[in-house]
Structures are given as C-alpha cells and as structure tokens.
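Written below as structure tokens is the structure these notes are about.
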Amino acid sequence: MNDELKVALRAGELMLRNGSETSRVQYIIKKMLKNLEITSKNVIVIGTAIIISIEQSNGVPITISKSIDRRNNNLQKLSLVTKVADDYSKNKINISETMEKLNIIDTTVTYPFWLRVVGTSLATFSFTLGFGGSIIGAISIFFITLFPAYFIQLLFKKNVPYFMSNILAGALISIFSLIAFTINPLLQYDKMIASAIIILTPGIAAITAIRDVVNGDFITGASRGMEALLSATGLSIGVGFIFAIYISITGGGVWQF
Amino acid sequence: MAILEILMIGVGIGFISIALEASKEDLAINAILGSICWATYLYTSQIFDNRQLSIFIASFLISFLAIYLTRRTGKPLQVYLIAGILPLLPGLNIFYMVLGFVNQDSKSILENANLTIQILSIIVLSLVFSSSIVRLLQRLKHNRKRSEL
C-alpha cells in the first residue's frame with residue numbers, strides 16, 4: 001500500500017512543481033489511487049504541499065506528505081506525467097515502471113539552456129513585429145533581451161528567489177533599452193517594451209491564481225496571487241529604479257513623457 | 001500588414017513555448033493558437049472598437065479550443081491555454097504603470113492599474129464561462145444518455 005501512495009505522491013509532486021493547478025494535481029493523485037482497496041481517501045493540495053491520507057479496508061489509516069519548495073513552468077513534464085498517470089490507472093504499467101518513468105521525467109531536459117535563452121529573445125523579436133513595430137526595433141529588442149533572458153534562466157538554475165531575479169531582469173532590460181533608445185531615438189519604444197515585458201509579467205501566475213480561487217481553492221489562489229504580485233513588484237522596482245536614475249540624470253533625454 | 005502581425009505573433013508564441021518547455025509536437029499547435037487568438041482580437045477590435053470585449057471574445061475562443069485539444073490529446077489544459085492567451089496579457093499597461101510611479105503621475109498609475117486588473121479579470125471570466133459551458137453540455141449529454149437507458 002505504501003508504494004502505491006508513494007508513486008501517486010511522486011506524480012503529484014512533479015505536477016505541482018512544474019506549474020500545474022492544484023485541482024489537476026488532486027485529480028491525478030485520485031486517479032492513481034482509484035484501483036486501491038480502501039474505504040476512504042483524502043487528497044489535500046496547496047501551493048507548497050501535498051498531503052494524501054487513506055483508510056485501508058482493515059481500518060488502519062496511512063498519511064504521507066511532501067512539501068514543494070520551488071515551482072517552475074514546464075509544459076512537457078505536465079503532459080508526460082499525465083500520460084504516465086493515465087497508463088498506471090489503466091494498469092498498462094506497474095508500480096516500479098511508473099516510478100522509474102516519473103524519475104526519468106523529473107530529470108529530463110526538454111530543451112538545452114541556450115535554446116531557451118535564444119527562444120525567449122526570438123519571441124520578443126516576433127512579438128515586436130506582431131505588435132506593429134519596425135524590423136530595426138525587432139532586431140534591437142532581440143539583442144536587448146538576450147542577456148536578461150540568459151540571466152533569468154541562470155538565476156533560476158542557481159535557486160535565486162524569483163523576486164530578486166525579476167528586479168535584476170527588469171533593471172537589465174531597462175538599461176539595455178535605454179542605451180538602444182539613446183543611440184536611435186526613432187525606435188518605437190512602446191512596441192518593444194510591450195514585447196520585452198511580456199516575458200517577465202506574471203500574467204500566467206495571476207491567471208492560475210484566479211483559476212484556483214474559482215475552483216474553490218482559496219489558500220493556493222491567495223498564495224499564487226501573492227506570488228504574482230511580488231513578481232510584478234520586483235519587475236516594477238527593477239524597471240522603475242533604472243528609469244528614475246535615467247530621468248534624474250538626463251531630465252528625460254530622448255523620452256518625452 | 002495584419003496578416004504579417006498575426007503570423008509573427010504565432011511565431012513568437014512558438015518561441016515562447018520553447019522557454020515554457022512545451023513538448024516539440026505542441027510548438028506548432030501553440031503557434032497556431034497564438035495566431036488565432038491575435039487574429040480574433042484584431043478582427044473583433046475593428047468591429048466593436050472595444051478592447052475589453054475583443055479580449056473577452058479572443059480568450060473565450062482560445063479557451064474553447066484549448067479544452068477541445070485537451071480532450072483530444074489528454075494533456076493538461078495549461079499546455080494549450082497559457083501559450084494561446086499570452087499575447088493578450090497587458091504587458092504595456094504594467095510598464096506604463098511603473099512609468100507612472102517613476103514620474104509620480106497618479107492618473108497614469110490608476111488608469112493602467114485599472115486596465116491591467118480589468119484585462120486579467122476579463123481573461124479569467126472568459127475561462128470560467130467556457131469551462132462552465134463545456135461542463136453543462138457534458139452534463140446534458142450524460143443525462144440524455146442515462147434517460148435513453
């Protein structure tokens with residue numbers, strides 16, 4: 001019985017750690033426990049912890065829990081864990097195979113580091129053109145975001161708190177943007193900034209938070225909402241600080257506010 | 001020009017999906033969803049001349065498509081939803097809000113904070129609407145099947 005619980009907990013852990021909603025984590029765990037002969041099961045998932053409690057047919061309860069220290073967005077891992085959980089619940093694979101597959105998923109690297117960095121910068125390049133910006137603006141924003149994108153990925157790898165990394169990334173984007181706008185004042189800064197900011201805005205976290213609240217999970221919704229708010233605050237501090245310095249030095253410079 | 005914009009938004013979503021570590025087979029799907037989202041937004045903006053309504057319609061459509069794809073592929077909703085909705089996020093409003101703080105422009109801060117909250121709420125509202133409609137349809141289908149038995 002312990003092994004079944006451990007495998008379900010491991011799947012839940014991977015889902016939560018890779019950015020899943022709590023209701024989905026609960027669904028996956030319950031699905032994996034459905035074949036057990038138990039009288040009751042309770043699955044509690046909050047943003048930073050999973051608790052599974054079952055009552056066996058002989059009346060003996062078992063409870064296991066796992067705290068989740070950090071979260072990320074990895075859409076491929078969410079898909080893979082869902083597939084493994086589905087196969088396990090349909091008895092297509094046994095416990096040891098399931099655990100093995102989950103461990104492999106955990107260590108899988110979807111894309112190399114450099115590709116994620118270049119992908120982020122190319123996204124800002126495409127968004128600038130998509131928002132109606134010029135090709136020069138798009139090329140500029142590609143180079144402007146290249147180093148901050150590298151920095152964000154690196155800080156995440158080094159376990160630096162996201163609040164700090166957002167401050168630094170916001171500041172870096174502002175510094176490089178201001179340099180580019182000083183060199184070429186004709187750049188359409190609004191289109192470029194909109195594309196650059198989109199990679200840092202905690203819109204995804206905010207939407208997931210509200211979805212958690214709508215699903216009735218107020219604790220996780222509130223904590224994720226706070227996370228989104230802190231990310232936005234970090235970003236604002238980074239961007240605001242650099243712009244405040246720039247404006248106080250140049251009196252506005254090329255920027256007509 | 002609009003076609004190029006729609007196309008570039010799709011390409012951008014494809015690239016951002018790499019940063020979000022979506023699986024390789026989902027990159028193209030996400031790119032198409034991003035393009036559909038932006039095309040709907042641009043088209044409805046021309047008809048209604050109302051940004052909020054356009055965002056609602058675009059995110060509503062993307063939610064439906066994401067739910068459909070989730071049911072077909074068995075993958076979590078987030079895989080398709082996040083990428084599809086990304087172009088609608090109010091990045092520029094957040095930037096202007098920060099700029100308002102720097103310039104001590106209370107009007108700009110309030111205006112942009114208000115718009116940011118409005119847009120995020122509209123996106124969530126459309127998600128809730130679409131998932132509620134799908135659940136309702138499912139329940140109706142289930143009830144009809146039960147009554148036939």
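The values are calculated or read from the model by the stated rules, or taken from the named source; none is laboratory data. Every value quoted in this text rests on a predicted model; they were computed, and no experiment measured them. With ideal geometry, Cβ positions are generated from the backbone for all residues, glycine too; neighbour counts draw on all protein chains shown. To get the accessible areas, we keep the full protein, side chains included, count just its heavy atoms, and leave off ligands, DNA and RNA. Shrake-Rupley method; radii C 1.70, N 1.55, O 1.52, S 1.80 Å.
Note on A:ASP87: accessible area is roughly 20 Å² with a 1.4 Å probe, heavy atoms of protein only. Each Lys and Arg adds +1 at its Cβ and each Asp and Glu adds -1 at its Cβ; summed about the Cα centre, the protein assembly as shown shows a dipole of about 980 debye.
Exposure check, 1.4 Å probe, all protein chains in place: B:LYS24 carries approximately 140 Å² of accessible surface. List, in the order given, every pair from A:LYS31/B:LYS145; A:LYS6/A:LYS77; A:LYS158/B:LYS75 whose Cα-Cα distance in the structure shown is over 20 Å. From A:LYS31/B:LYS145; A:LYS6/A:LYS77; A:LYS158/B:LYS75, over 20 Å: A:LYS31/B:LYS145; A:LYS158/B:LYS75.
Magnitude of the charge dipole for region B:2-148, about its Cα centre and with charges confined to Cβ atoms of Lys, Arg (+1) and Asp, Glu (-1), is about 940 debye.
Expressed as a whole percent, the accessible surface of region A:1-145 that belongs to carbon and sulfur atoms is 54, based on a 1.4 Å probe.
Residue order by solvent-accessible surface for A:MET164, A:MET32, B:MET97 is A:MET164, B:MET97, A:MET32, largest first, with ligands and nucleic acids left out and a 1.4 Å probe. Exposure check, 1.4 Å probe, all protein chains in place: B:LEU27 carries approximately 40 Å² of accessible surface. Of all aspartates and glutamates in the structure, those lying under 12 Å Cα to Cα from A:LYS30, and not within fewer than 8 positions of it along the same chain, are A:GLU4, A:ASP86. Solvent-accessible surface, computed for protein heavy atoms with a probe of 1.4 Å, shrinks by 10 Å² or more for the following residues of region A:182-201 when the other protein chains are added to the isolated chain: A:TYR189, A:ASP190, A:ILE193, A:ALA194, A:ILE197, A:ILE198, A:ILE199, A:THR201.
Summed over both chains, the area buried between B and A is near 4300 Å², taken from the accessible surface of protein heavy atoms with a 1.4 Å probe. Around A:ILE68, with a cut-off of 11 angstrom between Cβ atoms, what is the net charge of the other residues, counting Lys and Arg +1 and Asp and Glu -1? Net local charge, A:ILE68 excluded: +2.
Ranking B:ASN103, A:LEU78, A:LEU155 by Cα position along the charge dipole of the protein assembly as shown, where only Lys, Arg, Asp and Glu carry charges on their C-beta atoms, puts A:LEU78 farthest toward the positive end.
Most fluctuating residue of A:LYS92, A:LYS41, A:LYS31 in a GNM of chain A with Cα springs under 10 Å: which is it? Between A:LYS92, A:LYS41, A:LYS31, it is A:LYS92 that shows the largest mean-square fluctuation. Per residue, the accessible area of the protein assembly as shown comes to 47 Å², computed with a 1.4 Å probe over protein heavy atoms only.
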